[in-house]
Amino acid sequence: MRPDPSGPPGERAGPDYPQARARMVATQLRARGIRDERVLEALAAVPRHAFVDPALAPEAYSDRPLPIGHGQTISQPYMVALMTEALRPEPGDRLLEVGTGSGYQAAVLSRLARSVFTIERIPALVERSREVLARLGITNVVQRVGDGSTGWHTHAPYQGILVAAGSPRIPPALFGQLAEGGRLVIPTGSRDAQVLRIVTRRGGSAVESESVACVFVPLIGEEGWRE
Ligand code: SAM
């Protein structure tokens with residue numbers, strides 16, 4: 001599927017954004033080994049510039065995280081793609097994201113699954129991301145304010161759980177909310193440096209593998225770090 005050349009709603013801010021996004025997909029994602037065409041299509045379609053402050057919009061397709069206020073960041077596009085690919089979302093899936101931030105990752109996931117539940121602990125970020133997602137016409141993302149380190153029990157089990165903040169460990173509550181065969185993608189390690197881990201639930205047991213080294217803002221909460 002090719003993105004509409006006129007771009008999705010919210011694209012009007014600048015005529016070069018679709019081109020910048022296509023370049024991002026080619027040079028930052030495909031060239032670095034992201035192979036899942038559905039994931040590449042999703043990142044080619046979602047207007048990242050709509051999720052950052054207008055003053056930062058010209059930087060939106062650069063190869064780095066960007067500040068979104070409150071000491072938080074929108075993740076680097078490559079990291080969003082890598083984590084999404086590791087999650088292996090299917091069209092019928094129910095997914096959980098911990099750490100909504102700007103809402104960008106949730107928007108990417110919304111194109112790849114039936115429904116996305118996403119939790120953020122900072123109310124102002126929930127409010128802002130809710131507005132952006134609504135403006136883009138995204139209706140299969142459900143949001144709430146809260147501590148996602150213990151998951152979102154009401155809608156469990158999930159076929160995939162993506163944690164967009166660095167955790168000291170794999171929170172047992174998150175593993176417990178995975179469906180059989182489901183995958184948890186989570187950066188774990190110290191407050192300053194982590195490794196991306198992929199945990200698959202098989203017969204009730206955890207099968208783990210490690211991906212790349214990474215640096216995320218801390219997961220703050222009951223099963224994360226103290227504030
Ligand atoms: N996925 C986001 C995006 O696309 O913009 C980026 C997430 S940012 C790297 C990490 C987010 O996790 C921050 O907004 C932070 O407030 C949030 N966070 C940290 N601890 C949390 C917790 N226990 N529950 C929910 N959100 C949390």
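The values are calculated or read from the model by the stated rules, or taken from the named source; none is laboratory data. The shown structure was predicted, so the numbers you read here are calculated from the model rather than taken from an experiment. As a convention, Cβ positions derive from the backbone with ideal geometry for all residues, glycine included, and neighbour counts pool all protein chains shown.
Here are the numbers for this structure:
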{"quantity": "The range 108-131: number of residues that are outside any helix (DSSP H, G or I), near the ligand (Cβ under 10 Å from one of its atoms) and either free of Cβ contacts under 8 Å to residues at least 40 places away in the same chain or of a type in the set (V, I, T) (or both)", "calculated": "4"}
{"quantity": "Qualifying positions in the range 175-187 - of a type outside the set (D, E, K, R) and more than 16 Å from the chain's Cα centre (by Cα)", "calculated": "F175, G176, Q177, L178, A179, G181, G182"}
{"quantity": "Filter result for the condition that a residue is away from the ligand (no atom under 12 Å from the Cβ) and either among the aromatic types (F, W, Y) or within 11 Å of L95 (Cα to Cα) (or both), over L162, L196, L178", "calculated": "L178"}
{"quantity": "Some residue of the range 59-70 being more than 10 Å from the ligand (Cβ to nearest atom) and buried (at least 19 other Cβ atoms within 10 Å of the Cβ)", "calculated": "yes"}
{"quantity": "Failed criterion for E180 (all others in (1) in a strand (DSSP E or B); (2) crowded, with 21+ Cβ neighbours inside 10 Å; (3) not polar (S, T, N, Q) hold)", "calculated": "(2)"}
{"quantity": "Unique match (being at negative phi and in a loop (DSSP other than H, G, I, E, B)) among T84, T100, T73", "calculated": "T100"}
{"quantity": "Search result, residues across the range 116-152 that are within 16 Å of L178 (Cβ to Cβ) and touching a helix residue (DSSP H, G or I) at 6+ places or on another chain (Cβ under 9 Å)", "calculated": "V116, F117, I119, G148, S149, T150, G151"}
{"quantity": "Condition check for E90: among the acidic types (D, E) and within 11 Å of the chain's Cα centre (by Cα)", "calculated": "no"}
{"quantity": "Filter pass, A134 being within 11 Å of the ligand (Cβ to nearest atom) and either buried (at least 21 other Cβ atoms within 10 Å of the Cβ) or assigned to a helix (DSSP H, G or I) (or both)", "calculated": "no"}
{"quantity": "One residue from E222, E208 being more than 19 Å from the chain's Cα centre (by Cα), charged (D, E, K, R), modelled with pLDDT of 95 or more and part of a strand (DSSP E or B)", "calculated": "E208"}
{"quantity": "Residue in the range 139-157 that is farthest from L184 (Cα to Cα), counting only those that are within 10 Å of the ligand (Cβ to nearest atom) and either in a helix (DSSP H, G or I) or among the acidic types (D, E) (or both)", "calculated": "D147"}
{"quantity": "Exclusive hit being without any contact (Cβ under 8 Å) to a residue 40 or more places away in the chain, assigned to a strand (DSSP E or B) and not aliphatic (A, V, I, L, M), set P67, P91", "calculated": "P67"}
{"quantity": "Filtered residue count, the range 153-174, keeping only those that are over 14 Å from the mean Cα position of the chain (by Cα) and over 15 Å from L219 (Cα atoms)", "calculated": "7"}
